[in-house]
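The values are calculated or read from the model by the stated rules, or taken from the named source; none is laboratory data. Just so it is clear, the structure is predicted and the values come from calculations on it, not from any experiment. When we count neighbours, we look across all protein chains shown, and the Cβ atoms used for this are built from the backbone with ideal geometry, even at glycine. Remember, those area values only see protein heavy atoms, side chains included, never the ligands or the DNA or RNA. Shrake-Rupley method; radii C 1.70, N 1.55, O 1.52, S 1.80 Å.
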Amino acid sequence: MQGRDLLRFTTRSALSHRLRSGLTALGIGIGVTAVVLLTAIGEGLHHYVLDEFTQFGTNIIGINPGRSTTFGAATGVFGAVRPLTIDDAEALKRVPFVLNTVPIVQGTASAEGGGRERSTNISGVGPEMPAAFDFQVALGGFLPADDPRAPRPLAVLGATVRHELYGERNPLGELLRVGGERYRIVGVMESKGQVLGFDLDDTVYIPAVRALELYNRQGLFEIDVLYDKSASADEVVAGIERMIIARHGGLDVTITTQQQMLDVLGSVLDVVTFAVAALGGISLLVGGVGIFTIMTIAVRERTAEIGLLRAVGAGRGQVRAIFLGESMLLAALGGVGGLLAGTAIVALIGVAVPLLPVRLSLPYVAAAQAIAVLIGLIAGVVPAQRAAALDPVAALRTE
Amino acid sequence: MTFTDCTRVALGALVRYPLRTAMMLLATAIGVAAVLVLTALGEAARRFVAEEFQSLGTHLLVVLPGKTETSGMGPGLMAGESPRDLTLADARALLRSPAVAKVAPIVVGAATVSFDGLERDITVMGSTASLLEVRQWRMAGGEFLRDQDWDRASPECVIGDTLRSELFVGRQPVGQWLRVGDRRCRIAGILARQGMSVMVNVDELVIMPVASAQQLLNAPGLFRVLVQAAGRDSVMPARRDMEQILKERHRGQEDVTVITQDSVLATFDGIFGALTAALAGIASVSLVVAGVLIMNVMLVSVSQRTAEIGLLKALGANRSQVTRLFLTEAVILAAFGAVAGVTFGQAAIFLMRSLYPDLDFDPPLWAVAGSFLIAIGCGALFGILPARRAARLDPIAALAGR
Amino acid sequence: MPAPMIRLESLSRTFQVGDALVRALDQVDLGIEAGEYLSIMGPSGSGKSTLLNVLGLLDTPTAGAYWLNGVNTSAMSDDQLAATRQSQIGFVFQSFHLVPRMSALENVELPMLLAGLDPAERRERARAALAGVGLTGRSDHRPAQLSGGERQRVAIARAIVMQPKLLLADEPTGNLDTASGAEIVRIVEGLNERGLTLIVVTHDAQIGERARRRLRLRDGRVVEDLRTTRP
Ligand SMILES: Nc1ncnc2c1ncn2[C@@H]1O[C@H](COP(=O)(O)OP(=O)(O)O)[C@@H](O)[C@H]1O
Ligand SMILES: [Mg+2]
């Protein structure tokens, strides 16, 4: 029997019970739709989170004070024994391939300006911050390249702070009071929106040294190093380690490359996607039970036909192939239907709820198809075997 | 036809095709069991987190320095600084509120500890005697910090289990002098092994009097203040009082954030509740698939039993009776399937419980009841089409078996 | 003397039904030459169908030997049996056994489809076979749209389309009225005249008498073997 003929034969017999075959395929189809949809959500989430992180660039290395880490955060944030200083940040600029360093001090404070007051986040940073993190200035400019040890009291507002304090007015040149000091506003940042629920625009940027004074701190929270994309992260890390050891007499910092973070995050999200795919797979399993049941019924109903096929020269293998083919066909039909439905729903979500991150995951879509057909194969084995094992004489006698 | 007769006829029909009946039961059972197992998982995760937070202490409030107007766990809240420190005096002032029972000020930092040539980087926590009770930690030996004047920087400390096992191999640590940073302290006691407890690995701690830690870490401000309210009903009054007291002390500025354990708990409860519901929803999809299977097989059986239906009609059965007969069959299938599913599910959950005795797997009642109802609902819904088809059969053609 | 086409040597086929052993065929010795026209008669349950099924390689004897064209069939594997059925044996059944969802043409094509022949060739040969049984123009009709006699003619076309050497018919007229039955007999006898070995099981004496050689079975034994030598 030629492959094409087998396909035609099984298609015809599936089509001879349209409703029944349709419902059988629907069972698998619902399962595939669930897998496609759930993995699309998982994949969308994956991309969303990674995008959120990579918008600051991937060629960034973070340096935190303190060597041992507790729960992911360097203990240095609590105030380590040896502080990271502005001088460290300046010195790190001399490490090969380093383009920029950004010292960071973070906290909250109340900011007064435009006759209003607001509790907001304070970021003490260096002038290279917008370049390093790919932030855009909307109005005026960012903090100028003053002497990093004695910068002028200038401030740049995040979009939210600007809006809350000054509304639509132009705040450039106005004075802003932060923790008893007065800062002149030289710029307003473009809105960055929320990152993982945190409003980046609810921030006032001031020079790092002034933030250290504001909070009466010795050391920086973090130094972010932006390096040349052409260099390998390992090379740059090695350079940073040498510099820190030279300056501190030991490696008392924690160095995290953005890539490491992304890798960890990525693998966690992959597990999540896999888990939801497996959950969707439960429906596929039930669909497989459906195929098995219907194929068993079909073998029983078509016993006489099987007898005839054997009489006109079909071997057991051919009878088996016919029923296996039919069960795989039903599964594949369901798979394609589920794929179409899933894709349509994903597209619909994309249009109707653009905020919900959904994205077709091609490997999972392919896997869902393959598993659907595999389920058809497995579910078909027992009924097909039963058909092949039928005694032709007995089969011919039933009617 | 009475209900009993209807059931008996339906059961008879089901028993006649044992394999396909078993398969429909299996399909429904998989769906119901999936709902139970998944919701039990979600519920276990929720309880685990809830217990984690409960283990933080009872009627707990946390004061952190700094405040932003936008909510969310930003870096400012997690580790940020505020221009005005929370001081020991601030913490002490909180005791003025009648709603406040206990106060434990906290400073945290990193330092290197060494003993007899062995060295280790470790987290240092400065606090007071009330910390033990507020956090409900247990001691393995010796004494916790003495209840003394908070401003006294006495050279004593309490160590966690890891430090004990790593630095004091085969030796009794209590009474020994431990070097922490550039200071020395006498070990007064050892904390019992308890692992992670809400963001802090208790086993990796050195705890010393708050004033000592402030000097060691050169940190004038407090990292946090833990407050235990006098009782469940005192939590909200305590929060109001504390905000009021700190506002007064900070010259009218509201520059602290007070978090109640209940509100954090409620947030996590909400998140995990939604997660569990989503899991239940995903699992329910397989119940729909099972419903489709029931419909399919019922349709087959209507066409195979055409002659039987024709006979029933010839004997005087009307449409609604025939409909009822087939619907009963579908609902019985779904109901038995659901019972089997609950059994499977409970068996699987029992297995999970014996594998992970720490987690409390137990499907919520709504999930059990819900999956049962959805299964039966699916059976009834998907049974309608075949039942109506059977009812509409023309008796003459049906008798002819066509 | 050439070996006969079919030779049965004390062939038995027994069935175990509960405690009882049913001897459907009991030590049958039989030789059939190529081109013979043979009818098998006997009371119901005498083993006629069983004999035909054994001859057609659908059933295997429990004892004895069956030589087909000099080959001992008991040595053949299941696939070889199937291949032999495909190429050398045609069946016609009392209840036609057409696949209801297929057209007359497709039913006739079925053995060629299983044999893996090309569609164009299949179509051509199936049409020719249908024309041979007088069904030109009915190719696209489904079994349900055909009369009993027409259905049996489709079945005959299907049985001979692979050009077998042996045609086995088990009560081919049993479900037909006299006129259609006579038509079927005429067709298969025509095939026999062109050299096809024909074995017909029937309990219609009139039809049975037409055969040149007439077997009578009783309780699984051949009790009568009559030949009419043609003048
Ligand atoms: N599969 C079987 N199992 C048991 N007994 C059988 C089977 N097939 C045939 N028989 C028995 O063998 C005998 C011959 O049957 P059969 O060849 O069909 O008779 P005929 O075709 O002459 O009416 C009968 O007694 C029948 O009951
Ligand atoms: Mg017979």
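What's the carbon and sulfur percent of the range A:240-399's accessible surface, probe 1.4 angstrom, rounded to a whole number?
73 percent
Please determine, in degrees from 0 to 90 and to the nearest 10, the orientation of helix B:235-249 with respect to the longest principal axis defined by the Cα atoms of chain B, where the helix direction is its Cα long axis.
Here the helix axis deviates by roughly 40 degrees.
Compute the long axis of helix A:258-301 from its Cα atoms, compare it with the longest principal axis of the Cα atoms of chain A, and write down the angle in degrees, 0 to 90, nearest 10.
Relative to chain A, helix A:258-301 is tipped by roughly 20 degrees.
Using only atoms on other chains, find how many Cβ atoms lie within 10 Å of each Cβ of peptide C:107-117 and report the average.
Mean inter-chain Cβ contacts per residue within 10 Å come to 5.
Would you mind getting the accessible area per residue of the protein assembly as shown, heavy atoms of the protein chains only, 1.4 Å probe, in Å²? Show your work: numbers first, answer last.
Details: 44270 Å² over 1032 residues.
Value returned for the protein assembly as shown: 43 Å² of accessible area per residue.
Count the net charge of all other residues whose Cβ sits under 12 Å from the Cβ of C:V201, scoring Lys and Arg as +1 and Asp and Glu as -1.
Every neighbour counted, the sum reads 0.
If you take the accessible area of A alone plus B alone and subtract the pair, what total do you get in square angstrom, rounded to 100, with a 1.4 Å probe?
4500 Å²
Report, in whole Å, the centroid distance computed from the Cα atoms of the range A:305-335 and the range A:93-114.
71 Å
Just to confirm my numbers, what's the Cα centroid distance between the range B:184-262 and the range B:13-44 in Å?
Using only Cα atoms to place each centre, the spacing works out to 51 Å.
Would you mind listing how long chain B runs along its three principal axes, going by Cα atoms, in whole Å with the largest first?
Reported extents, whole Å, longest axis first: 102, 55, 31.
Need one value: the accessible area of A:H17 in square angstrom, 1.4 angstrom probe, rounded to the nearest 10.
Rounded to the nearest 10, that gives 70 Å².
Output wanted: per-residue J couplings in Hz (rounded whole) for the range C:79-96, from phi through Karplus 6.51 cos²θ - 1.76 cosθ + 1.60, θ = phi - 60°, x for Gly and Pro.
Values, residue by residue: 5, 5, 4, 4, 5, 5, 4, 4, 8, 10, 10, x, 10, 10, 10, 4, 9, 6 Hz.
For A:A347 and A:R184, what is the calculated FRET efficiency with R₀ set at 51 Å and r taken between the beta-carbons, to the nearest 0.05?
Efficiency computed from Cβ-Cβ geometry: 0.50.
Long-range amide H contacts for C:R218: which residues qualify at under 5 Å (H placed 1.01 Å from N, peptide plane, sequence gap of 5 or more or a different chain)?
C:V223
Relative contact order for chain B using alpha-carbon pairs under 8 Å, separation at least 6, rounded to a whole percent?
Rounded, it is 29 percent for chain B.
From Cα pairs below 8 angstrom and at least 6 apart in sequence, can you work out the relative contact order of chain C, rounded to a whole percent?
Contact order relative to length: 28 percent.
All other residues with a Cβ under 14 Å from the Cβ of A:R316 taken together, and with Lys, Arg as +1 and Asp, Glu as -1, what is their net charge?
Details: positive: A:R310, A:R320, A:R386, C:R85; negative: A:D391, C:D78, C:D79.
Neighbour charge sum, excluding A:R316 itself: +1.
Tell me, what % of the accessible area of the range C:6-225 is carbon and sulfur with a 1.4 angstrom probe?
Solvent-exposed carbon and sulfur of the range C:6-225 make up 46 percent of the total.
Considering protein heavy atoms only and a 1.4 Å probe radius, which residues within the range A:304-344 exhibit an accessible-area decrease of no less than 50 Å² in the full assembly relative to the chain by itself?
A:L308, A:A311, A:V312, A:G313
Under the rule of -39500 (n - 2.57) per DSSP H run of 4 or more residues, summed and divided by the residues of chain B, what mean residue ellipticity at 222 nm is obtained, to the nearest 500 deg cm²/dmol?
Taken over chain B, the calculation gives -18500 deg cm²/dmol.
Interface size between chain A and chain C, please: total buried accessible area, 1.4 Å probe, rounded to the nearest 100 Å².
Buried: approximately 2400 Å² between C and A.
Can you return the aspartates and glutamates within cross-link range of C:K165? Criterion is Cα-Cα under 13 Å, with same-chain partners fewer than 8 residues away left out.
Here the aspartates and glutamates satisfying the reach criterion relative to C:K165 are C:E33, C:E36, C:E193.
Which value at 222 nm does chain A reach when only helices count, each DSSP H run of 4 or more adding -39,500 (n - 2.57), with the total divided by all residues and rounded to the nearest 500 deg cm²/dmol?
Result for chain A: -18500 deg cm²/dmol, rounded to the nearest 500.
Could you check the simple spin-label distance between A:V271 and B:T7, using points 7 Å along Cα→Cβ, in nm with one decimal?
With each label point 7 Å from Cα toward Cβ, the separation is 4.8 nm.
Among B:T87, B:S320, B:A99, flag the residue with its Cα farthest along the positive direction of the charge dipole of chain B, charges on Cβ as +1 for Lys/Arg and -1 for Asp/Glu.
Positive-most Cα among the choices belongs to B:S320.
Take the eigenvalues of the Cα gyration tensor for the range B:84-254, scale each by 5, and report the square roots as semi-axes in whole Å, largest first. Intermediate results must be reported in sequence, preceding the final value.
Values: eigenvalues 188, 58, 31 Å².
Working from the Cα gyration tensor, I get semi-axes of 31, 17, 12 Å.
Note the full-extension length gain between A:R4 and A:E112 as 0.36 nm times their separation in residues minus their Cα-Cα distance, in nm to one decimal.
Between A:R4 and A:E112, full extension yields an extra 31.0 nm.
If the range A:82-251 were replaced by its equivalent ellipsoid, with semi-axes equal to the square roots of 5 times the Cα gyration tensor eigenvalues, what would those be, largest first, whole Å?
Numbers: eigenvalues 181, 59, 35 Å².
Largest first, the range A:82-251 gives 30, 17, 13 Å.
Could I have the simple spin-label model distance between A:V336 and C:D118, label points 7 Å from Cα toward Cβ, reported in nm to one decimal?
The answer from the label model is 2.7 nm.
In the protein assembly as shown, what cysteines have no partner Cβ closer than 4.7 Å?
Those would be B:C6, B:C378, since no other cysteine Cβ in the protein assembly as shown comes under 4.7 Å of theirs.
At a 10 angstrom cut-off on C-beta neighbours, averaged per residue, how do the peptides B:312-321, A:286-295, C:43-52 rank from highest to lowest?
For the peptides B:312-321, A:286-295, C:43-52, the packing ranking is A:286-295, C:43-52, B:312-321.
I want the local charge near A:G62. Using Cβ-Cβ distances under 9 Å, sum +1 for each Lys or Arg and -1 for each Asp or Glu among the other residues.
Result for the neighbourhood of A:G62: -2.
Could you work out the relative contact order of the range C:45-159, using alpha carbon pairs under 8 angstrom and six or more residues apart, expressed as a whole percent?
Values: 105 pairs, mean separation 31.9, N = 115.
About 28 percent, as a whole number.
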